[in-house]
Amino acid sequence: MRSLVCALIAACIALLTGANCWCESGQEQWPCFMRDIRHTGLVPWLGPAETPELKWVYQTDGIVSCSPVIDSAGRIYIGSDKFYCFNPDGSIAFTFMADDDISSTAAVSDDLGVFFGSYDHFFYWLTLDGELVAKFDTDAYNDGPPTIGTDGSIYFGSRSESIYAFKKDGTLNWSYDAYDWVVGPPTIANDGTIYVGADDRRLYALAPYGELLWSYIGYDWITGSAAIGPENMIYVPSWDNTITCLDPEYGEIFWEYEAFDDIRSSPAVSADGSIYFGSYDEDFYSITPEGRSKWSFDVGSPVYSSAAVDMDGNSYFGAFDGRLYSVDSNGNLRWTYETGSEIISSPALDAGGTLYFGTKSGAIYAIGSATADFTPRVGLHLNKSTYSYSVGDMEGDTMLAFYYIINPMHSILEADIYMALLIDGELLYYPSLTPIPEVFESDVQVEPLSLRRSGKLIDYTFPYGFPYSGGRWYICLAEPGTSNPISDISSIDWEYE
């Protein structure tokens, strides 16, 4: 136990001296729009820490408005005047010519192949070698990105005003008719519910067999993808300037956050539940899972591109000024990369730290300079909207929180979790809040290359007389049964509001 105690004490000493102490798994690296079927944009690895170097660039004969997807071998798939597949070194693996341009972000599966739509009214299914397996005629433009469910079902929307679901053998399972174009990517919850936005101002919640569960009606188009965050809450972007948080059971509004212009980018969700998005008001935002503002970054140019987020909460997105931006988890600019052409393509980040994206001039870029880091990450999110209680003259306070663990390794992470509260100079271990070290949760397992959130596991009411008004919480991972730290110690200040 001594090593963990010493580590926590050292962290506390650093605090007191003014120092700052500080998913989903799958075969494919970035298989669909916003990386996972919950459309969080989050990866369990790091992006470039410094201004990245150009690895390669390829000039197409069209516009690149869609986003790349990446299979397990690191091959990159993206559409423009034709459909391209690149090897990681930038050489072309294959091209496929449709009868019109391709602005649909694809979806790729190592087991099934690659899927995308085209302006030629067809939705295509290719092998990973570029051979045509099948195509489906929607009789309308198809620029909505598809999403592949965990059972191999393929979902996509079309300007035919319909949402389609195909079985993994390529047969049509069902379709659902909306009231206007469907260009938003389908988002899939853990229970199989499909969420799709449309130009009829609705977000549709559909059962896996195609029945409407509920719909939310906003005030303008919903063209971006909904994202699913902690507690399965649904974050919906809209051209009415808002991000709206909906309850997954009935679609009721939990909160709304308003920017100063259209929100056409899709929200990303970091490990601690923070929500990142850009707006046409030329700002890039971060808000808490409860809908409160954390910070905004002045881009100085409209942002259509959606962000990729790495395991340290650094975000990567493009803007109309032709720059790709990286902003850290506190809203500070890390670097920019100049392309000279508007970027509406959302970047994809591979496991080696390379970013891929396109520009309106038709260029496809690969940039990067990351360093591999396989140290697990652990942290806490504390809900500042905690509630108090009183009995007579005595008052108390309840803390609501969740922890998260990111496993960047290719093997299962096994760990014990320790939590402690530093208050009035004394380190108290949770949940008993005594100075005697104790395990908060033991034998926790995290799948390779994945995120694990606890949900609101921590719901603690402090006893009467406890000096609850403030303190700093610590959380650490340790080797099971040994108390040897295997992660950095993460900390967060807490004070009742």
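The values are calculated or read from the model by the stated rules, or taken from the named source; none is laboratory data. Note that the structure is a prediction, hence the values are computed from the model and not measured. Virtual Cβ from ideal backbone geometry, glycine too; neighbours counted across all protein chains shown.
Working only within the stretch 151-171, note down all residues that are closer than 17 Å to VAL114 by Cα and in contact with a Phe, Trp or Tyr (Cβ under 8 Å, 6 or more places away or on another chain). First the steps, then the outcome.
Filtering the stretch 151-171 down to residues closer than 17 Å to VAL114 by Cα leaves 151-157, 164-171.
Of everything in the stretch 151-171, those that are closer than 17 Å to VAL114 by Cα and in contact with a Phe, Trp or Tyr (Cβ under 8 Å, 6 or more places away or on another chain) turn out to be SER153, ILE154, TYR155, PHE156, GLY157, TYR164, ALA165, PHE166, GLY170.
Quick grid of which residues meet (1) at pLDDT 90 or above; (2) in the same structural domain as ASP310 (by TED's automatic domain parsing); (3) surrounded by 17 or more Cβ atoms within 10 Å (Cβ to Cβ):
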residue	(1), (2), (3)
LEU382	no, no, yes
SER388	no, no, no
GLU395	no, no, no
TYR403	yes, no, yes
LEU413	yes, no, yes
ALA420	yes, no, yes
ASP424	no, no, no
LEU427	yes, no, yes
ILE436	yes, no, no
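Just to be sure before I move on: is LEU212 more than 26 Å from SER103 (Cα to Cα), in contact with a strand residue (DSSP E or B) (Cβ under 8 Å, 6 or more places away or on another chain) and not polar (S, T, N, Q) in the structure I sent? Spell out the reasoning first.
Working: more than 26 Å from SER103 (Cα to Cα): yes; in contact with a strand residue (DSSP E or B) (Cβ under 8 Å, 6 or more places away or on another chain): yes; not polar (S, T, N, Q): yes.
Against the criterion (more than 26 Å from SER103 (Cα to Cα), in contact with a strand residue (DSSP E or B) (Cβ under 8 Å, 6 or more places away or on another chain) and not polar (S, T, N, Q)), LEU212 qualifies.
Can SER341 be described as among the hydroxyl-bearing types (Ser, Thr, Tyr), out of contact with any Asp or Glu (no Cβ under 8 Å at 6 or more places or on another chain) and closer than 26 Å to VAL64 by Cβ? Write out each step before concluding.
On the way: among the hydroxyl-bearing types (Ser, Thr, Tyr): yes; out of contact with any Asp or Glu (no Cβ under 8 Å at 6 or more places or on another chain): yes; closer than 26 Å to VAL64 by Cβ: yes.
Taking the combined requirement at face value, the residue satisfies it.
What's the number of the condition ASP151 fails, among (1) surrounded by 20 or more Cβ atoms within 10 Å (Cβ to Cβ); (2) more than 19 Å from PHE123 (Cα to Cα)?
(1)
Scanning the stretch 15-38 for residues that are among the hydrophobic types (A, V, I, L, M, F, W, C) and either under 15 Å from the mean Cα position of the chain (by Cα) or farther than 23 Å from GLY379 by Cβ (or both), which turns out modelled with the lowest pLDDT? Before you say what the answer is, go through the steps one by one.
Applying the first criterion (among the hydrophobic types (A, V, I, L, M, F, W, C)) to the stretch 15-38 yields 15-16, 19, 21-23, 30, 32-34, 37.
Filter again for either under 15 Å from the mean Cα position of the chain (by Cα) or farther than 23 Å from GLY379 by Cβ (or both), leaving 23, 30, 32-34, 37.
Details: CYS23: 39, TRP30: 98, CYS32: 98, PHE33: 98, MET34: 97, ILE37: 97.
Among those residues, the one meeting the criterion is CYS23.
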